[in-house]
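The structure appears right after this line, and notes come after that.
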Amino acid sequence: MGRIHFDRRPALPDTEMSPDLSRRGFMVTSLAVGFAAATQPVFAEVITTSDEGLIAGQVMVPVAGGMMPAYQAYPAQGGPFPTVLVVQEIFGVHEHIKDICRRFAKLGYYAISGELYARQGDVSKMSDIGDIMAKVVAKVPDQQVNADLDSLVDFAHSSGKADVKRLGITGFCWGGRATWLYAVHNPSVKAAVAWYGIVDPPMWNTNATSVIRQVPKLKVPVLGLYGEKDTSIPVDHVLALKTLLTGSASEIVVYPGVGHAFNADYRPSYDRHAAEDGWHRLQEWFKKFGVA
């Protein structure tokens, strides 16, 4: 087993993130309430998970340069619990991502999701996806994301409620790509599940890291969940990734006739069959590789 990240401090110095961050402070100091503006109107099938029997809410997590808001959820009784990092969509940590954390907590996990754009800007009030990508997302370095996820692991361990030796990670859309990259970065992760994460350099930064190019470094078993009709992620690119993973512990599932964001139950893109199947596969994946 590799080195557990709670034994060290955030790996990325302030100077490597973006100019003057430590002097400017963070642009986001609390999590969004409700759903992100760019996702309105909210779809009728939205799933709402109660916090009854849970400890759930916002916390402030020490990261390089300041404090990052995050959402945590875990059972009110017992512990320490297996730990899951939940990586936000491109829309940040809004109500859907908080609900995902509560779903994990209901299953007996400690789940935490950090606002990984906190230094660069608040996307929750931005209604135009182009502005979100150009004005915020394009300014978020992959190294910063990995370091902040390390800090979430440190924070979880310090809570006394998380067993970070049983560490999993899952993420959606923007967070799906981040899940692949973190699985390469931290070999102490037991298992990862990436939902429709871009496998090539992303449209907001064509010079950024390609997931496909990182495969030779991957030691963590990753389950990738994709839609055949995803216009953001060409299916032939996903199948190329699947071929590269042949012989490894990782797997790719492609749902026929399904598009992007099929787990987003608050949006018209939601596909109940694919979402429920993916959630079942995630639970089995975590059990298989020692997270649960």
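Observations on the model:
Rundown of residues vs (1) in contact with a Cys (Cβ under 9 Å, 6 or more places away or on another chain); (2) in a strand (DSSP E or B), yes/no style:
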site: Thr83; (1), (2): no, yes
site: Val86; (1), (2): yes, yes
site: Asp99; (1), (2): no, no
site: Arg103; (1), (2): no, no
site: Ile112; (1), (2): yes, yes
site: Leu116; (1), (2): no, no
site: Asp122; (1), (2): no, no
site: Lys125; (1), (2): no, no
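- Check on Gln88, modelled with pLDDT of 95 or more, over 18 Å from His157 (Cβ atoms) and in contact with a Gly (Cβ under 8 Å, 6 or more places away or on another chain): yes
- Conditions (1) surrounded by 23 or more Cβ atoms within 10 Å (Cβ to Cβ); (2) out of contact with any Phe, Trp or Tyr (no Cβ under 8 Å at 6 or more places or on another chain); number of the one not met by Lys217: (1)
- Here Asp163, Asp154, Asp131 are screened, and the one residue that is over 29 Å from Gly259 (Cβ atoms) and either in a helix (DSSP H, G or I) or of a type in the set (Val, Ile, Thr) (or both) is Asp154.
Per-residue answers, yes or no, for (1) under 20 Å from Leu116 (Cβ atoms); (2) of a type in the set (A, V, I, L, M):
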residue	(1), (2)
Ala44	no, yes
Ser50	no, no
Gln58	yes, no
Ala70	yes, yes
Val87	yes, yes
Gly92	yes, no
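- Phe155 fulfils the conditions (1) of a type in the set (Phe, Trp, Tyr); (2) over 24 Å from Ser232 (Cα atoms); (3) surrounded by 23 or more Cβ atoms within 10 Å (Cβ to Cβ) except for a single criterion, (3).
- Here is the figure for segment 68-81: residues that are in contact (Cβ under 8 Å) with a residue 60 or more places away in the chain and assigned to a loop (DSSP other than H, G, I, E, B) total 2.
- When segment 28-65 is filtered for residues that are open to solvent by 40 Å² or more (accessible area, probe 1.4 Å) and within 22 Å of Pro141 (Cα to Cα), the ones remaining, listed by number, are Thr29, Ser30, Met60, Pro62.
- Residue in segment 193-202 that is touching a residue at least 40 places away in the same chain (Cβ under 8 Å) and either open to solvent by 10 Å² or more (accessible area, probe 1.4 Å) or small (Gly, Ala, Ser) (or both) present: no
- Beta carbons closer than 7 Å, at least 6 apart along the sequence or on distinct chains, pair a first residue in segment 153-177 that is within 17 Å of Ile100 (Cβ to Cβ) with a second that is aromatic (Phe, Trp, Tyr) and surrounded by fewer than 23 Cβ atoms within 10 Å (Cβ to Cβ) for Ala162/Phe81.
- Long-range neighbours under 7 Å by Cβ, at least six apart or interchain, first residue touching a residue at least 24 places away in the same chain (Cβ under 8 Å) within segment 241-255, second of a type in the set (Lys, Arg) and open to solvent by 40 Å² or more (accessible area, probe 1.4 Å): Ile252/Lys242; Val253/Arg281
- Residues of segment 49-84 that are within 19 Å of the chain's Cα centre (by Cα) and β-branched (Val, Ile, Thr): Thr49, Val59, Val61, Val63, Thr83, Val84.
- Taking the criterion of being among the aliphatic types (A, V, I, L, M) and farther than 21 Å from Gly290 by Cβ, the residues of segment 253-263 that qualify are Val254, Val258, Ala261.
- Number of positions in segment 174-192 that are in a loop (DSSP other than H, G, I, E, B), under 11 Å from Lys217 (Cα atoms) and open to solvent by less than 10 Å² (accessible area, probe 1.4 Å): 1
- Residue, modelled with the lowest pLDDT, within segment 264-292, restricted to residues that are part of a loop (DSSP other than H, G, I, E, B) and over 28 Å from Ala37 (Cβ atoms): Ala292
- Hey, Asp128 of a type in the set (Asp, Glu) and farther than 20 Å from Arg177 by Cα or not: yes
The values are calculated or read from the model by the stated rules, or taken from the named source; none is laboratory data. Values in this document were obtained by computation on a predicted structure and should not be read as measured data. Don't worry about glycine lacking a Cβ; one is built from the backbone with ideal geometry, like all the others, and counts go over all protein chains shown. These area figures cover heavy atoms from the full protein model, side chains too; ligands, DNA and RNA do not enter into them. Shrake-Rupley method; radii C 1.70, N 1.55, O 1.52, S 1.80 Å.
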